[in-house]
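This report concerns only the one structure given below.
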Amino acid sequence: MVFVKAKGDESHSDRAVASAQEEIRRLASDGDTLKPEAASSISSGLSIVGKIVGHGTLTIFGHVEGEVRASIVVIAEGAQMVGDVVAEELTIGGQVKGTVHANRVKLNSTGVVEGDIFHRTLAIEENARFEGMSRRSENAIDTQSRVQTSRARPQADGNGKSNGASDSLNL
């Protein structure tokens, strides 16, 4: 038995999936973009807590809490991301609460960002919402790794014990 959806029965979720798939095809055919090794997705019924690291394209339709690192990240309409995102290219159609480090960032009209964006290029469509700081950097991904590695580390005092405090803040 074969089930076929009538043309007018397309749900909101189906449209979001089709839009994200179209964005992935566009990114994969773009000559300036690194060719992804693989494409992965987190479906709308899935919730993940933790760190996700990949070298290809990641499309999020569900809910992620933690850190995401991939070459190309698409946060589809209806998706939620709480935490940091690091990517060469990031397209946001859903909601992001956290810090973004990406060389190319695009906020679609349905996108919502609450947090800071470090970028080389930033495009914000009409009706998108952004509350936070935007900072341009030639390589926003490198800026993120410099901040992590240069954070103050506990210093030992004269007797070899550490109090966990730092004399200065090196950012």
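The values are calculated or read from the model by the stated rules, or taken from the named source; none is laboratory data. Note that this is a predicted model, so its numbers are computed, not measured. Backbone-built Cβ (ideal geometry, glycine too); neighbour counts: all protein chains shown.
Annotation note: Cβ proximity below 9 Å between a residue of region 124-145 that is under 16 Å from residue 95 (Cα atoms) and surrounded by 12 or more Cβ atoms within 10 Å (Cβ to Cβ) and a residue that is modelled with pLDDT of 90 or more and among the aromatic types (Phe, Trp, Tyr) (sequence gap 6+ or interchain) occurs for 124/130.
Residues checked against (1) modelled with pLDDT of 95 or more; (2) outside any helix (DSSP H, G or I):
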site: 86; (1), (2): yes, yes
site: 109; (1), (2): yes, yes
site: 118; (1), (2): yes, yes
site: 126; (1), (2): yes, yes
site: 138; (1), (2): no, yes
site: 142; (1), (2): no, no
site: 147; (1), (2): no, no
site: 164; (1), (2): no, yes
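Is there a residue being buried (at least 21 other Cβ atoms within 10 Å of the Cβ), free of Cβ contacts under 8 Å to residues at least 24 places away in the same chain and out of contact with any Ser or Thr (no Cβ under 9 Å at 6 or more places or on another chain) anywhere in region 109-118? Looking for residues that are buried (at least 21 other Cβ atoms within 10 Å of the Cβ), free of Cβ contacts under 8 Å to residues at least 24 places away in the same chain and out of contact with any Ser or Thr (no Cβ under 9 Å at 6 or more places or on another chain), one finds at least one in region 109-118, hence yes. If the condition is being within 16 Å of residue 22 (Cβ to Cβ) and not in a strand (DSSP E or B), then region 44-74 contributes only 61. Among residues of region 77-93 that are within 9 Å of residue 64 (Cβ to Cβ), those with a beta-carbon under 8 Å from a residue that is aromatic (Phe, Trp, Tyr) and buried (at least 20 other Cβ atoms within 10 Å of the Cβ) at least six positions away or on a different chain give the pairs 79/61.
Does residue 96 satisfy the condition of being over 11 Å from the mean Cα position of the chain (by Cα), at pLDDT 95 or above and not polar (S, T, N, Q)?
Working: over 11 Å from the mean Cα position of the chain (by Cα): no; at pLDDT 95 or above: yes; not polar (S, T, N, Q): yes.
Answer is no for this residue.
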